[in-house]
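Novice: My structure is below; once you've seen it, I'll send some questions.
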Amino acid sequence: MTRPALELRGIVKTYGATRAVDDVDLDVVAGEIHALCGENGAGKSTLAQIAAGKLAATSGEIARAGTIGLVRQHFELAGRLRVWENVVLGREPQRGARLDARAARARVSDLATRTGLHVDPDALVESLPIGLAQRVEILRELDSGPSVLVLDEPTAVLAPSEAEALFATLRALSRAGTAILVITHKLSDVLAHADRVTVLRVGRVTLRADAARTTTETIARAMVGGDLPMLPARAAVTVRKRLVARAIGTIDGRLRDATFAIGAGEIVGVAGVDGNGQSELVDVLAGMRAHTGALALDGDELAPGDPRTRIACGIRTIAGDRQRDGLVMAWSVTENAALGDQSRTEMRRGPLVDRAARERRARAIVAEFDVRTPSIATPVAALSGGNQQKIVVGRALGFAPRVIVAYAPTRGIDIGAAALVHARLIEARNDGVGIVLVSFDLDELFTLADRLVVLCGGTIVHACAREDFDRPRIGAFMAGLSS
Ligand SMILES: Nc1ncnc2c1ncn2[C@@H]1O[C@H](COP(=O)(O)OP(=O)(O)OP(=O)(O)O)[C@@H](O)[C@H]1O
Ligand SMILES: [Mg+2]
C-alpha cells in the first residue's frame, strides 16, 4: 500500500483540563475523500488545525507528503481586499517586478468557473454574505494546489446545488491525486461522497468505517453515543398574523418588493442560494438596515428601527455569522447570553445589572442546549463553533419572543444539537411565535416550515404550502430556472 499523504499518530491536545483531542490516529491517502464527523466540541477543528500545522499538538506525530491546505470553519479573509486579491494573496502572479492584476483576476475567474463556486472577483470581501465568503475561502485553498486538502465544514452555508458542485470538484481533485479530509455534520454527504469516515467523540475515535458499508444511524450513534431527541407534534396553524411585510426592499435593490405574512405559530421558510437577498431580508427585519415598503407587527405599523428597539418589541434574530453579528468573542458565556437583553427588567435590579439573574440565564441556556463549556465565565472564543451557535440560539428563544428571524440556525451544529434546536423552534411555533427561517438546507426547511418562499435575484419567485413542497420544483426556482 502507498504511504498515506497525511499520517497522524497518537495526537493529543489539551487546553488546561480539557483533552480536546485524545490519542487520535488518522490516515488520509492520496485519491480518497475521508470524512471526519463528531458532535460539537468533539475535537474536529482542533485536529484539522494540528494536521495543517496551524496549531501545535501537546503530543503525537504528524507526517505529511507535500503541502497542505486548510479551509477553516471560521474564515480568515481580508475584508478590505477584493475577492481576487484574497484568493491569490501570497501567490500573486508577477509581471516583471509588479503584480499582474489582470492575470490574477483571470486566474480567479477561471477557477470559479471550473469549480462552480461563482463569485464576483471584484467584490469587496467584507460586503459578501457568508455563503459567498465561504466560496472565497475554498477558492483560496484550491488556488494553492495542495497535495492534502482539509476542509472544516465547507458546506455548512452552501446551498445543496453548491455543495454538490463542491463535492464534484473534490472528487476531481482526489482523482488527480489529492488527499482530502472533509469535516461535516451532514451525514447524507458522507454516504454520498466520502470513501471512508472517522468519527470522534470527546476527543477519541469511536468509529472508522468505509462509507459504502455504514449507515447514517451507525455514524449518528457513534457521534452522540445514543439516540436523537424526537420532534414535538405540530399544533394547528392559527389565522392570526404576527408579522406582515408589504413590498419591502432595500435601497440598493438587493431585496425588492417582498410581500409576505407570518402567522402566530407559523414557520415560514426562506429557500434560496445565499446572496439572493436573504441577508438583506434578515437585516431589514432585525432593524439593521433601512428599507422601503412597510412592516407591521401584530397589526401595528413598525417604525424603521434599530436592532435594540426590534428586540424590545419581541423580534429576535439568530445571526448568520455568529462571530461577526451574534457574539462578542472575548466576552464570557454569561455576558453573551445576556447580549441584547441587558436593559430588560428581568436582568436588572433598578438601575443596576443583576449579576445573579444574568448567571441564571446563562446556566439555563447551557443546561437546555447542552453547551460544552468549562464554565459560564469562559470566553466564548474558547468554545467550539457549534457550542457558540447554541448560545446564539438559546438567547433568541428566551423572554417569550413574538417573532424569531433565524438565519441558518443550525449552521455548524451537530445532528444531536440540531434536533434539539429544531424541537425548540417547533415548540416556540406551537406557543404562537412567528418564525422566519432562512436556511440553505432543504431537509431542514422541509422538516420545519409550514410554508416556503423562494428568493432568487432579490425577489420572491415562488411560494408554496407544506402540502405542496416539491424538491425538484423548489430547486428549479432556487436556480432561477423557473419563474
Ligand atoms: N483556544 C481554546 N482554548 C480552550 N479550549 C479550547 C480552545 N479551542 C478549542 N477548545 C476546546 O476543545 C474542544 C474541541 O474543540 P473543537 O473546536 O476542536 O471542536 P469541533 O469538533 O470542531 O466542534 P464543532 O463541531 O462545534 O466545530 C472543545 O471542548 C473546545 O471547547
Ligand atoms: Mg469545529
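Novice: With respect to the numbered conditions (1) within 24 Å of ASP122 (Cβ to Cβ); (2) in contact (Cβ under 8 Å) with a residue 60 or more places away in the chain; (3) away from ligand 2 (no atom under 16 Å from the Cβ); (4) crowded, with 22+ Cβ neighbours inside 10 Å, which one is the sole condition not fulfilled by ILE33?
Specialist: (1)
Residue-by-condition table, conditions (1) closer than 28 Å to ALA168 by Cβ; (2) surrounded by fewer than 19 Cβ atoms within 10 Å (Cβ to Cβ); (3) within 16 Å of ligand 2 (Cβ to nearest atom); (4) modelled with pLDDT under 95:
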| position | (1), (2), (3), (4) |
| --- | --- |
| LYS44 | yes, no, yes, no |
| LEU47 | yes, no, yes, no |
| ILE62 | no, yes, no, no |
| ILE68 | yes, no, no, no |
| GLY131 | yes, no, no, yes |
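Novice: So the check is Cβ under 6 Å with 6+ separation or different chains; which pairs have a first residue in segment 189-213 that's touching a residue at least 24 places away in the same chain (Cβ under 8 Å) and a second one that's assigned to a helix (DSSP H, G or I) and surrounded by fewer than 17 Cβ atoms within 10 Å (Cβ to Cβ)?
Specialist: ALA211/LEU191
Novice: If we scan segment 390-405, do we find a residue that is out of contact with any helix residue (DSSP H, G or I) (no Cβ under 8 Å at 6 or more places or on another chain) and part of a helix (DSSP H, G or I)?
Specialist: Residues of segment 390-405 that are out of contact with any helix residue (DSSP H, G or I) (no Cβ under 8 Å at 6 or more places or on another chain), as a first pass: 396, 400, 402.
From what is left, the residues that are part of a helix (DSSP H, G or I) are 396.
Yes - at least one qualifying residue is present in segment 390-405.
Novice: In addition: Just checking, how many residues over segment 251-266 are β-branched (Val, Ile, Thr) and crowded, with 21+ Cβ neighbours inside 10 Å? Even if it seems obvious, please write down each step before you answer.
Specialist: As a first pass, look at segment 251-266 and keep what is β-branched (Val, Ile, Thr): 251, 259, 262.
Those left that are additionally crowded, with 21+ Cβ neighbours inside 10 Å: 262.
Number satisfying all stated conditions: 1.
Novice: Would you check if there is a residue in segment 74-90 being farther than 22 Å from THR178 by Cβ, touching a Phe, Trp or Tyr at 6+ places or on another chain (Cβ under 9 Å) and buried (at least 21 other Cβ atoms within 10 Å of the Cβ)?
Specialist: We begin by selecting, within segment 74-90, every residue farther than 22 Å from THR178 by Cβ; these are 74, 77-85.
Remaining after also requiring touching a Phe, Trp or Tyr at 6+ places or on another chain (Cβ under 9 Å): none.
The answer is no; no qualifying residue exists.
Novice: All but one of (1) free of Cβ contacts under 8 Å to residues at least 60 places away in the same chain; (2) within 16 Å of ligand 1 (Cβ to nearest atom); (3) part of a helix (DSSP H, G or I) hold for LEU139, so report the exception by its number.
Specialist: All conditions are met except number (2).
For (1) at pLDDT 95 or above; (2) surrounded by fewer than 19 Cβ atoms within 10 Å (Cβ to Cβ), each residue gets a yes or a no:
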| position | (1), (2) |
| --- | --- |
| VAL405 | yes, no |
| ASP414 | no, no |
| ALA419 | no, no |
| ASN430 | yes, yes |
| VAL433 | yes, no |
| PHE440 | no, no |
| LEU448 | yes, no |
| LEU452 | yes, no |
| GLY457 | no, yes |
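For every residue, the table says whether it meets (1) part of a loop (DSSP other than H, G, I, E, B); (2) within 23 Å of ALA419 (Cα to Cα); (3) within 24 Å of the chain's Cα centre (by Cα).
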site	(1), (2), (3)
ALA236	yes, yes, no
VAL244	no, no, no
ALA247	no, no, no
GLY253	yes, no, no
ARG256	yes, no, no
ALA261	no, no, no
ILE267	no, yes, yes
GLU280	no, no, yes
LEU285	no, no, yes
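Novice: Let me ask something else about it. So is ARG344 in the same structural domain as ALA271 (by TED's automatic domain parsing), away from ligand 2 (no atom under 15 Å from the Cβ), over 27 Å from PRO154 (Cα atoms) and at pLDDT 95 or above or not?
Specialist: Numbers: in the same structural domain as ALA271 (by TED's automatic domain parsing): yes; away from ligand 2 (no atom under 15 Å from the Cβ): yes; over 27 Å from PRO154 (Cα atoms): yes; at pLDDT 95 or above: no.
For ARG344, the condition - in the same structural domain as ALA271 (by TED's automatic domain parsing), away from ligand 2 (no atom under 15 Å from the Cβ), over 27 Å from PRO154 (Cα atoms) and at pLDDT 95 or above - is not met.
The values are calculated or read from the model by the stated rules, or taken from the named source; none is laboratory data. These numbers were taken from a predicted model, which means no experiment stands behind them. All Cβ positions, even for glycine, are placed from backbone atoms using ideal geometry, and neighbour counts span all protein chains on display.
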